[in-house]
Amino acid sequence: MFFIYPSVRRWSQVLFLVTGMSSLFLQASARTELENESVRGGSALSGEFLVKVKSPSILFSFAAERSLLVVPQPLLKTDAGFWFKIVDTSGEFDAARLESLGFDSGVLHAEPNLIWRAVSSLRGGGKGDDSDNTNPPPENPPSLPRRPRRDPQNGKVWGLAKIGAPAAWNISRGDVQVVVADIDSGVDYNHEDLINNIWRNPREIPNDNKDNDGNGFVDDVMGWDFYNKDNRPWDDNGHGTHTSGTLGATGGNGVGVSGVAPRVSIMPIKFLSRYGSGTTEDAIRSINYAVDAGAHILSNSWGGDEFSLALQEAIAAAAAKNVLFVAAAGNDGADNDTVPMYPAAYDLPNVVAVAASDSNEQLADFSNFGLRTVHLAAPGDVIHSTLPLSRYGIMSGTSMACPAVAGAAALLKAYRPGLSAVGLKELLLSSVDRAPAYEGKVQSGGRLNVEKALLQAGATPPN
């Protein structure tokens, strides 16, 4: 997965390249540091920086002169340059000093490797996954019933009726050809209500220990775990399984609940730890993987209050590939227009920022808002959904609202496959149910209504 550009091979004798055992050591150290910082509430990993340079050779030369470690696999390539991660084990540098020292030699920008966190609360009876990290192999999905059967717990999911989902399902129940990447803490990919909607990589042969599709990931048959660096994106937190259920729990299979998109392909991508935290580096690699693997929509129920240019440029690269990026607005009860929560607050054409509403048609008291930076509301308070080990339970947060919008976008994409990311966003915002609680709080002035979105997309109401 790591490589050195041919033009800079001469530096390989003097530069501390992160390969082999050094790479494994740094990965383990970074995971330990992330868990420690998560407990302490830290905002970045000590000594880790993301650097943008005009060319790789500039960075390798710059780093060799200062005994900095470079991860040779670039994070991102843009028209303006390349992003890499570097590690300072001496403690002598900060981002500002790195940028100032390298400015004359083509270092364009340097920033800390920030820590991002899941944006949900456990109020309302919810709980995360308190089980051991079993990390099981994927099972084969069972056959679905020939005729749809009632999902017995749908009555506990108040948000489905509120957003017009049952009526929408008379128009579109989704399509497994539509791929939504849930970038989160992983997914219980064997869950009884998710297993039939888990994405399977058609270009990868399971368990042959080969990178069949040549994408740099061995046996990535159903996504990737960027936190543990393996091919089993198992959810040891509970957050990602819950968001996946809201997005796309299998509908009509006679068990559990239905997601907003009853038929969809959920691509499990893990970058958040068991404590619900992850780094900018792993977030970017997650986005890149999802886009390259063919995801149409990215669901992102995580955030932080520090700006990352690297993350912004990764999301902009997804926009250039026509990929919709749905993001949770945050749970601080704050105005994102004045105190931004990223990535929701990035002003990019493919970003949809989602606030949380409650069952009384009010903005949830914990939800962030923003007339300019938050686009619409969706149910996010006391949400019943899937949990690891084929369980079910309640969580609250804009984390729960975000996948409802991602699921609605999946239904729209299934009904009209030619819709662009911007077209999906416009339909979602123009079809909301407007209410006084959302006026002046979110850009659209309303709450998600997926039935109205489908009708605006040209659907004919069923008789």
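Values quoted throughout were computed directly from the atomic coordinates according to the rules given, and no laboratory measurement underlies them. Just so it is clear, the model here is predicted, and its values are computed rather than measured. Cβ sites come from the backbone with ideal geometry, for glycine too, and all protein chains shown count toward neighbours.
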Environment charge at residue 419 (Cβ cut-off 14 Å; Lys +1, Arg +1, Asp -1, Glu -1): +1
Hz values of 3J(HN,Hα) by residue in segment 206-211 - Karplus curve (6.51, -1.76, 1.60), Gly and Pro given as x: x, 6, 9, 6, 10, 8
On Cα atoms only, tilt of 280-292 relative to the major axis of the chain in degrees: 60 degrees
From the C-alpha gyration tensor of segment 358-463, square roots of 5λ in Å: 23, 19, 12
Vicinal HN-Hα couplings computed from phi for segment 442-456 (Karplus, 6.51 cos²θ - 1.76 cosθ + 1.60; Hz; Gly/Pro x): 10, 4, 7, x, x, 10, 3, 9, 6, 4, 4, 5, 5, 5, 5
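From the convex hull of the Cα coordinates of segment 275-317, what is the mean projected area in square nanometres?
3.3 nm²
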Using alpha-carbon coordinates, inclination of helix 421-430 to the longest axis of the chain, degrees: 40 degrees
Potential lengthening between residue 230 and residue 149 on full extension [0.36 nm per residue; Cα-Cα distance subtracted]: 25.6 nm
Residues 395, 222, 400, 341 arranged by fewest to most Cβ contacts within 10 Å: 222, 341, 395, 400
Additional length obtainable on full extension of the chain from residue 134 to residue 96, 0.36 nm per residue less Cα span: 9.5 nm
Label-point separation, residue 46 to residue 390 (7 Å along Cα→Cβ), nm: 4.5 nm
Label-zone membership for segment 354-392, site residue 161, 7 angstrom Cα→C-beta point, backbone N under 17 Å: 358-362, 379-385
Pairs of Cα atoms farther than 11 Å apart, segment 160-202, %: 75 percent
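So, counting K/R as plus one and D/E as minus one, what does the shell of residues with Cβ under 11 Å around residue 264 add up to?
+1
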Nitroxide proxy distance, nm - points 7 Å out along Cα→Cβ at residue 207 and residue 426: 4.9 nm
Packing-based exposure ordering (other Cβ within 10 Å, fewest first) of 398, 280, 89, 243: 89, 280, 398, 243
Rounded to 5, the percent of DSSP beta bridges in the chain classed as antiparallel: 50 percent
For the chain, with +1 on Lys and Arg beta carbons and -1 on Asp and Glu, the positive-most of 142, 286, 400 along the dipole: 142
Ranking of 88, 220, 182, 188 by count of other Cβ atoms within 10 Å, fewest first: 88, 220, 188, 182
Whole-Hz couplings from phi, Karplus 6.51/-1.76/1.60, listed for segment 245-260; x for Gly and Pro: x, 5, 5, x, 4, 5, x, x, 9, x, 9, x, 10, 10, x, 4
C-alpha long axis of helix 309-320 to longest principal axis of the chain, angle in °: 50 degrees
Residue 73 long-range amide H proximity, modeled H, under 5 Å: 3
Largest-first principal axis extents of the Cα set of segment 262-353 (Å): 35, 32, 30
Residues whose placed amide H lies under 5 Å from that of residue 357, excluding near-sequence neighbours: 364, 378, 380, 381
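Is it possible to state the helix-based mean residue ellipticity at 222 nm for the chain, with each DSSP H run of 4+ residues giving -39500 (n - 2.57), the sum divided by total residues, to the nearest 500 deg cm²/dmol? What is it?
-7500 deg cm²/dmol
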Orientation-averaged projected area, Cα convex hull of segment 154-456 (nm²): 13.4 nm²
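Gain in length, residue 80 to residue 320, computed as 0.36 nm per residue apart minus the alpha-carbon separation, to one decimal in nm?
Fully extending the segment from residue 80 to residue 320 adds 84.9 nm.
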Filter on 210/270; 77/210; 162/413; 270/441 - keep pairs with C-alpha separation over 24 Å: 77/210; 270/441
